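Only one structure is covered here, and it is reproduced in the block below.
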Amino acid sequence: MKLWIYVVRRLILLLPTLIGLTFLVFALERIGGTTLFLAQYIDPHLTGTARQALIDQLTQRFHLNDPVYVQYFYWLGAIFQGDWGTSTTIRQPVVTGFLWFMPNTIMLTLIASVLTWIISVPIGVYSAARRDSILDQGVRVATFTLYSMPLFLIGFGLFLTLGAAWHILPYQFNVDLALLPSIPRAWFDDTNSVSYPTHILALDAFLHGDWPIAWNAFLHVILPALALALALLAGIIRILRASMLEVLEQDYVRLARAKGVPERTVNNFHAKKNALLPTVTSFGYLVSGLFGGAVVIEYIFTFKGIGWWTTFAFLRGDVGAVMGSTLVFGLILVVTTLILDILYAFLDPRIRYE
Amino acid sequence: MATIAEGRPLMVGVAEGSARFDELKLSARVFFANKTAVAGLVIFLVFVGDALLVQIAPGVLGVSDPNSVIPPELQANLENCSGTPPEAPSLGHLFGTTQYPGLSGIGCIDLLQLTMKAIRIDIAISFFIVLVGAAIGTLIGVVSGYFGRWFDEVVMRVTDVFFSVPFLILALAVGFVIGRTLFNMALALIIIWWPLYARYGRSLTLTTKEATFIESARAAGSGRLKIMFRHILPNVVPPVLVQISLDVGTVILIFSTLAFIGFLPSNALVPELGVIANIGLDLAPFGYWWTVIVPGAVITLFALAVNLMGDGLRDVIDPRRRS
């Protein structure tokens with residue numbers, strides 16, 4: 001099969017998932033009637049005739065008196081036009097909330113995935129190469145334990161030790177609160193603590209040449225990123241170790257050894273590269289874990305990304321933010337899985353025939 | 001020994017009585033030869049024993065009211081406790097004490113007792129979630145795998161949708177809509193859990209469907225329903241049971257994490273390990289680390305035990321994994 005045919009087939013398969021995903025979110029919003037849905041658009045302080053007028057207007061706009069499937073299309077239309085309702089926690093349109101908080105989460109997950117990768121690859125490879133050595137045993141015990149830990153214990157353990165107790169790294173908020181007043185209001189919105197233009201404080205401060213703030217903001221990312229990486233690397237190490245062990249049994253590795261290639265080169269050159277390929281498929285798992293985990297980790301470290309916002313909104317009864325995040329996280333996962341699948345089919349042609 | 005076992009577990013449905021007994025004996029021997037799996041089983045049994053005792057005879061463990069965070073005798077004389085900060089683990093309080101957030105300054109809720117109560121609820125919810133999710137999912141998976149065609153296609157696309165949202169977020173969204181109670185938390189997790197079993201049950205059905213004994217059953221004139229439930233299901237159930245045993249450890253991690261971030265409203269607290277950790281959330285940064293770490297460590301121990309046990313069980317079911 002040609003690659004482009006595979007891509008087209010994969011894109012066609014994407015369609016039912018997207019319809020299903022949007023319908024799921026739509027159904028969740030509407031399952032108990034329209035109250036939850038309307039709450040996204042109506043200011044709770046609004047009362048009397050003004051409130052009724054707004055309800056009537058919304059009823060007409062979203063065709064709330066028509067059959068459900070008709071309503072779905074009007075809802076979808078609004079989503080496509082960027083009207084995702086209003087968030088009561090930030091008093092802004094939901095989409096604005098995403099623009100504010102998403103960049104922070106993207107930076108956090110990027111750093112976390114890099115950390116996961118640079119920690120787990122050498123450990124996984126080494127552990128497999130020295131199978132059953134004391135180090136391998138230790139790695140297995142450690143990953144097994146880490147694998148059995150609830151996400152909050154990993155996050156909170158780091159929060160307590162490296163943060164609250166030993167003060168090695170900052171452990172709360174995106175920047176030291178003491179530094180907040182010193183940030184120039186020209187590119188920083190004080191009431192919502194949002195920086196411009198990228199909304200990532202470390203990057204914005206860097207762009208504006210404010211080194212101390214950039215450095216401080218950067219330090220605040222490390223602990224949550226480390227927590228997220230710790231939560232994920234156990235799974236990655238286990239997959240990598242297993243695939244490395246399998247590769248080490250292959251004929252070409254045996255041949256390399258037989259012809260006298262040094263053990264180091266065999267591991268790093270012949271085996272590692274081939275063992276990494278199946279690990280790439282677990283990237284999907286990694287991405288899903290990163291974003292799901294970000295919800296808890298950002299909440300623990302009060303790191304103001306989209307995960308923190310989702311939890312905060314959940315606890316405060318903010319429909320727009322919770323439903324919007326569900327849809328956004330779903331879309332991110334769907335799109336990344338698509339890209340990874342295509343990338344994988346490109347790297348390994350055998351996949352296209354399955 | 002290994003050759004006898006080769007391929008056998010998949011054919012349970014047609015095994016005769018004595019052969020089945022021999023196989024059980026062999027399976028037990030394989031399982032008990034695995035020391036870590038046995039250690040997992042022992043820890044797991046301790047947890048289950050605690051849960052049963054709290055259910056049947058709470059007095060034996062010194063637990064008075066299994067369903068409330070604050071024991072009644074404490075409820076009666078709250079003044080005696082007020083003003084005391086949480087106590088660190090000591091001989092008097094092995095796990096230390098914690099504080100109820102609604103009643104500031106009361107630091108004498110014994111964590112060991114609270115943990116013993118919580119284990120009962122945690123085990124009950126995790127089994128409830130996994131068993132119901134597995135039952136629904138496996139049935140759908142078997143039917144979908146056996147019928148194939150459009151039904152299979154629809155079921156698989158539906159599971160795709162459920163897999164397209166990170167499960168913690170989907171659980172939050174579902175809980176948000178159906179209400180934040182303990183039962184609804186379990187319900188939300190069942191809703192995100194069944195697709196996993198639908199896929200697993202389907203793939204097991206697809207491999208079993210091709211077996212010769214199914215073909216002969218069809219040739220003998222068995223109907224679809226009979227083939228599905230009499231011949232395929234018994235072969236799908238054992239591996240599903242192993243998956244269940246592994247998932248009990250995973251699901252407890254997820255719902256305790258949900259409880260930790262405050263899934264249950266703070267005016268309706270139940271003794272559940274994630275909730276206990278959530279109670280300590282505001283205390284731990286001020287040096288009272290045990291209020292969060294102890295419940296977290298108990299969850300880890302339980303999940304660890306279940307995972308060790310599940311690994312052993314997987315070796316029993318899948319002879320290729322035996323070494």
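Suppose the filter is surrounded by fewer than 24 Cβ atoms within 10 Å (Cβ to Cβ), touching a residue at least 60 places away in the same chain (Cβ under 8 Å) and assigned to a helix (DSSP H, G or I); does A:Leu331 pass it? For A:Leu331, the condition - surrounded by fewer than 24 Cβ atoms within 10 Å (Cβ to Cβ), touching a residue at least 60 places away in the same chain (Cβ under 8 Å) and assigned to a helix (DSSP H, G or I) - is met.
Among the residues of the stretch A:19-62, the one identified as hydroxyl-bearing (Ser, Thr, Tyr) and in contact (Cβ under 8 Å) with a residue 60 or more places away in the chain is A:Thr22. Given the options A:Arg140, A:Arg130, name the one that is surrounded by fewer than 20 Cβ atoms within 10 Å (Cβ to Cβ) and within 12 Å of chain B (Cβ to nearest Cβ). Just a single option satisfies the conditions, and that option is A:Arg140.
If I ask for residues that are among the β-branched types (Val, Ile, Thr) and crowded, with 18+ Cβ neighbours inside 10 Å, which ones from the stretch B:210-226 would you list? Scanning the stretch B:210-226 gives a single hit, B:Ile214.
Tell me, please, whether a residue that is more than 23 Å from the chain's Cα centre (by Cα), outside any helix (DSSP H, G or I) and farther than 30 Å from B:Ile252 by Cβ can be found in the stretch A:134-145. There is no residue in the stretch A:134-145 that is more than 23 Å from the chain's Cα centre (by Cα), outside any helix (DSSP H, G or I) and farther than 30 Å from B:Ile252 by Cβ. Restricting attention to the stretch A:279-295, does a residue exist that is exposed (fewer than 15 other Cβ atoms within 10 Å of the Cβ), out of contact with any Cys (no Cβ under 7 Å at 6 or more places or on another chain) and not aromatic (Phe, Trp, Tyr)? Yes; the residues of the stretch A:279-295 include at least one that is exposed (fewer than 15 other Cβ atoms within 10 Å of the Cβ), out of contact with any Cys (no Cβ under 7 Å at 6 or more places or on another chain) and not aromatic (Phe, Trp, Tyr). None of A:Ala214, A:Ala178, A:Ala202 is over 21 Å from A:Thr109 (Cα atoms), away from every other protein chain (no Cβ under 13 Å) and among the hydrophobic types (A, V, I, L, M, F, W, C) except A:Ala178. For the stretch A:57-84, a residue qualifies if it is β-branched (Val, Ile, Thr), closer than 20 Å to A:Asp318 by Cα and either loosely packed, with under 14 Cβ neighbours inside 10 Å or in contact with a His (Cβ under 8 Å, 6 or more places away or on another chain) (or both), but none of them does.
Of all the criteria given as (1) touching a Ser or Thr at 6+ places or on another chain (Cβ under 9 Å); (2) closer than 21 Å to B:Thr159 by Cα, the one not satisfied by A:Ile332 is (1).
In the stretch B:160-184, the residue that is surrounded by the most Cβ atoms within 10 Å (Cβ to Cβ) out of those that are outside any helix (DSSP H, G or I) and more than 8 Å from chain A (Cβ to nearest Cβ) is B:Arg180.
When the stretch A:176-195 is filtered for residues that are closer than 23 Å to A:Tyr299 by Cα and either outside any strand (DSSP E or B) or among the polar types (S, T, N, Q) (or both), the ones remaining, listed by number, are A:Asp176, A:Leu177, A:Ala178, A:Leu179, A:Leu180, A:Asp190, A:Thr191, A:Asn192, A:Ser193, A:Ser195. Among the residues of the stretch A:255-272, is there at least one that is crowded, with 17+ Cβ neighbours inside 10 Å, modelled with pLDDT under 85 and touching a Phe, Trp or Tyr at 6+ places or on another chain (Cβ under 7 Å)? Yes, the stretch A:255-272 has at least one match. Does B:Val154 satisfy the condition of being over 18 Å from the mean Cα position of the chain (by Cα) and in a helix (DSSP H, G or I)? Answer is yes for this residue.
The set of residues in the stretch A:63-109 that are without any contact (Cβ under 8 Å) to a residue 24 or more places away in the chain, part of a loop (DSSP other than H, G, I, E, B) and out of contact with any Ser or Thr (no Cβ under 8 Å at 6 or more places or on another chain) comprises A:His63, A:Asp66, A:Pro67, A:Gln81, A:Gly82, A:Asp83, A:Arg91. Please indicate, with yes or no, whether at least one residue in the stretch A:190-210 is touching a strand residue (DSSP E or B) at 6+ places or on another chain (Cβ under 6 Å) and charged (D, E, K, R). The answer is yes; a qualifying residue exists. With respect to being among the basic types (Lys, Arg) and within 14 Å of chain A (Cβ to nearest Cβ), B:Arg157 fits the description. Of the residues making up the stretch A:159-175, those that are within 12 Å of chain B (Cβ to nearest Cβ) and either assigned to a helix (DSSP H, G or I) or aliphatic (A, V, I, L, M) (or both) are A:Phe159, A:Leu160, A:Thr161, A:Gly163, A:Ala164, A:Ala165.
Number of residues in the stretch A:248-265 that are without any contact (Cβ under 8 Å) to a residue 60 or more places away in the chain and under 16 Å from A:Ile123 (Cα atoms) equals 1. Per the conditions (1) under 21 Å from A:Ala225 (Cβ atoms); (2) more than 10 Å from chain B (Cβ to nearest Cβ); (3) surrounded by 19 or more Cβ atoms within 10 Å (Cβ to Cβ), the sole criterion not satisfied by A:Ala345 is (1). Summed over the stretch B:134-154, the residues that are surrounded by fewer than 21 Cβ atoms within 10 Å (Cβ to Cβ), among the hydrophobic types (A, V, I, L, M, F, W, C) and more than 16 Å from B:Leu225 (Cα to Cα) give a count of 4. The sole residue among A:Leu179, A:Leu151 that is in contact (Cβ under 8 Å) with a residue 12 or more places away in the chain and under 23 Å from the mean Cα position of the chain (by Cα) is A:Leu151. Taken as a whole, the structure leaves A:Leu36 outside the set of residues that are within 23 Å of B:Ala171 (Cα to Cα), within 14 Å of chain B (Cβ to nearest Cβ), surrounded by 15 or more Cβ atoms within 10 Å (Cβ to Cβ) and within 24 Å of the chain's Cα centre (by Cα). The single residue among A:Pro44, A:Pro93, A:Pro103, A:Pro67 that is at pLDDT below 85 and farther than 30 Å from A:Arg238 by Cα turns out to be A:Pro44. Residues that are more than 24 Å from A:Leu232 (Cα to Cα) and among the hydroxyl-bearing types (Ser, Thr, Tyr) were ranked within the stretch A:151-202; the one that is surrounded by the most Cβ atoms within 10 Å (Cβ to Cβ) is A:Ser195. Exactly one residue out of B:Val161, B:Val142 is without any contact (Cβ under 8 Å) to a residue 40 or more places away in the chain and over 30 Å from B:Gly296 (Cα atoms): that is B:Val161. Can you name the number of the only condition in (1) over 27 Å from B:Val143 (Cα atoms); (2) among the hydroxyl-bearing types (Ser, Thr, Tyr); (3) within 19 Å of the chain's Cα centre (by Cα) that B:Ser266 fails? So B:Ser266 meets the others, but not (3).
The values are calculated or read from the model by the stated rules, or taken from the named source; none is laboratory data. Predicted model, so just to flag it, every value in this text is computed and none were measured. A quick note on method: Cβ atoms are made from the backbone with ideal geometry, for glycine too, and the neighbour counts reach across all protein chains shown.
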